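The values are calculated or read from the model by the stated rules, or taken from the named source; none is laboratory data. Since the structure is predicted, the reported quantities are computational estimates derived from the model, not experimental observations. For accessibility, only protein heavy atoms count, side chains too; no ligands or nucleic acids. Shrake-Rupley method; radii C 1.70, N 1.55, O 1.52, S 1.80 Å.
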Amino acid sequence: MSPAPLLILAPPCSGAEVWAARLHAAGAYALPTLHRFLADRLDDWRALLALSQQPLDHALLRVLAEVFEGGQDEAALARARARLAARPGREGAEPLLRDLAAGVAPRRLVLVEVDAPSRPADLRRLAEALPAATVLQLLRHPWTQGRLQHHLLADRLFIPADVKDHAVEPPRLDPQLGWWRAHHNLDQRLRPHWPAARWWVVDEAAGEAALDALAARLGLATPLPAAAAAWPAWPFAGWGPRSAPYGGEEEPRSPDPVLARLRAEPPAPFDQPLPWRADGRAFAPEVVALYRRLEAAARAQ
């Protein structure tokens with residue numbers, strides 16, 4: 001029997017896929033964000049993808065090609081498309097995840113979700129599909145996460161509504177709102193209603209000894225491989241072939257040197273004005289309180 005999957009949940013720009021790559025290098029089998037929890041039935045998922053401006057099926061196609069077809073070249077992707085098309089339209093997410101877990105056995109399946117934490121309906125589907133999962137709620141300081149997300153989205157025409165401050169006119173990008181919504185949903189709307197899940201809060205700022213201790217408790221090899229070595233060796237770290245180049249978060253894959261600088265920059269004090277706001281405001285009290293509570297929970301585990 002395959003071990004229960006590990007599930008990494010976090011807002012975008014929290015380092016979730018880099019953390020997944022480290023677990024992959026330590027003996028698990030990590031996948032990028034699949035976007036499968038956007039709908040219950042596969043037919044409904046396909047219909048949503050047809051309306052999306054983004055190619056949200058690329059990650060799943062690359063995963064199916066890598067796990068079942070021996071690689072991610074165009075021939076393997078064609079077989080993966082046929083494999084996905086043959087699955088019943090009324091199927092939920094659980095059979096697909098069960099097949100993936102069996103396909104990577106005896107390694108333990110690791111799933112990453114960075115969009116679902118902002119959508120309670122997606123989280124409900126996730127909990128129903130993986131009732132016995134082990135959850136790693138990945139905590140990155142909202143200053144670092146906000147700086148990264150603001151840099152990525154500042155010049156975009158389309159910015160998700162959940163990271164806009166609608167109290168100003170016109171609404172403006174404010175990443176702390178998405179950070180708070182995602183972690184609030186996980187902490188208050190999901191965790192209390194998922195009693196069978198084992199739950200860990202993983203503080204990115206914790207020392208390597210603490211992270212190694214957690215990996216050991218999860219049955220993985222320690223010490224954990226460094227991100228600089230684990231990330232490029234992960235099968236899903238780079239871009240895919242011409243027909244499915246995308247899949248996964250943009251932030252860790254971008255060659256933009258500003259992103260590397262922002263990741264290394266120490267977080268500023270919570271009372272400092274936020275660089276992405278024009279009104280000189282600092283973090284909202286709700287954001288500070290939630291971060292402090294999650295930080296304490298990570299230390300107490």
Across bins of 10 angstrom width beginning at 0, how are the C-alpha pair distances of the chain distributed, in whole percent? 6, 27, 37, 23, 6, 0
Restricting to Cα pairs under 8 Å and 6 or more apart, the percent relative contact order of the range 7-156 works out to 43 percent
Take the solvent-accessible surface of the protein heavy atoms, probe 1.4 Å, and return the percent of it on the chain that carbon and sulfur atoms account for. 56 percent
Mean-position separation - Cα centroids, the range 217-275 and the range 1-44, in angstrom: 14 Å
Long-range HN-HN contacts of D203 with modeled amide H, under 5 Å: L139
If amide hydrogens are placed 1.01 Å from N in the peptide plane, which non-local residues have theirs closer than 5 Å to the one on A30? H24, V110
Relative contact order for the chain using alpha-carbon pairs under 8 Å, separation at least 6, rounded to a whole percent? 29 percent
Compute the semi-axes of the equivalent ellipsoid of the range 14-79, taking the square root of 5 times each eigenvalue of the Cα gyration tensor, and list them largest first in whole Å. 23, 17, 10
Ranked from the most accessible area to the least, with a 1.4 Å probe and all protein chains present, what is the order of I8, I159? I159, I8
Expressed per residue, the solvent accessible area of the range 22-165 in Å² (1.4 Å probe) is about 40 Å²
Grab the Cα-Cα distance for A50 and E208, subtract it from 0.36 nm times how many residues apart they are, and report the gain in nm with one decimal. 52.6 nm
Over all viewing directions the Cα convex hull of the range 16-141 casts an average projected area in nm² of 8.3 nm²
What ranking of V258, V112 comes out by heavy-atom accessible area, probe 1.4 Å, highest first? V258, V112
